[in-house]
């Protein structure tokens, strides 16, 4: 299985193979910062993937690919579809927490993260006057299929009373995957991916609690929302 297979048809376990390809690409990325330059095809990687996507330079995300010849200027609206959060491997039961390397995320925390992701991405599009949100497919509408993959929690999240010793440099990590699909044809025309750690932005450790995990995750989501609209704006004028 390759990166380019249609994930919408894959069961969650099979997405691990897709993730392996994404991880390989993420390892090649040297920067996650948002450059000002327009996206362009990577001259060092001219080959296209099985679905016809080609790696981009200045793609805002650690990994970004697009279909050569696609006219992004034809699109003006996004329709979001969220596919949830998926663990890298199933976490162990709470009774085994002392021996785990991947802890379960509380259901309430997971729901709060997904609600925050939806809210923040919608707000990012609304702030960009060049784009609208769409409830239905149609001409000029892109489907943005959003998934958080490969969740690994390296610290158990607990509601803590008062100050404790439950602090960590990182609570875990996850990978964002955004597939952009033409809603009329169903053709995948672009993909972006980036892996981030749930950790404090400062040198201070982060408390291993649901509130801290939610706060830092929302900060990451805001960065991703800005990167997504910047990538879309760049693709509209890049002339790929």
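The values are calculated or read from the model by the stated rules, or taken from the named source; none is laboratory data. Everything numeric in this text was worked out from a predicted model, so none of it was measured. In this analysis, Cβ positions are derived from the backbone assuming ideal geometry, glycine residues included, and neighbour counts consider all displayed protein chains.
Residues in region 203-240 that are touching a strand residue (DSSP E or B) at 6+ places or on another chain (Cβ under 6 Å) and within 14 Å of residue 119 (Cα to Cα): 220, 224. Beta carbons closer than 6 Å, at least 6 apart along the sequence or on distinct chains, pair a first residue in region 201-218 that is at negative phi and at pLDDT 90 or above with a second that is buried (at least 16 other Cβ atoms within 10 Å of the Cβ) and part of a helix (DSSP H, G or I) for 210/109; 214/112; 217/113; 218/116.
Evaluated against (1) out of contact with any helix residue (DSSP H, G or I) (no Cβ under 8 Å at 6 or more places or on another chain); (2) over 16 Å from residue 175 (Cβ atoms); (3) at pLDDT 95 or above, residue 69 falls short on exactly one condition, (3). Does any residue of region 219-237 turn out to be in a helix (DSSP H, G or I) and over 20 Å from the mean Cα position of the chain (by Cα)? Yes: region 219-237 contains one or more residues that are in a helix (DSSP H, G or I) and over 20 Å from the mean Cα position of the chain (by Cα). Here 111, 47, 29, 94 are screened, and the one residue that is modelled with pLDDT under 90 and out of contact with any strand residue (DSSP E or B) (no Cβ under 8 Å at 6 or more places or on another chain) is 94.
Just the residues that are closer than 19 Å to residue 102 by Cβ and assigned to a helix (DSSP H, G or I), please, taken from region 191-213. Let's see the steps before the verdict.
Residues of region 191-213 that are closer than 19 Å to residue 102 by Cβ, as a first pass: 195-199, 206, 208-210, 212-213.
Within region 191-213, 210, 212, 213 meet the criteria.
If you go through region 40-57 and pick out every residue that is surrounded by 12 or more Cβ atoms within 10 Å (Cβ to Cβ) and out of contact with any helix residue (DSSP H, G or I) (no Cβ under 7 Å at 6 or more places or on another chain), you end up with 12.
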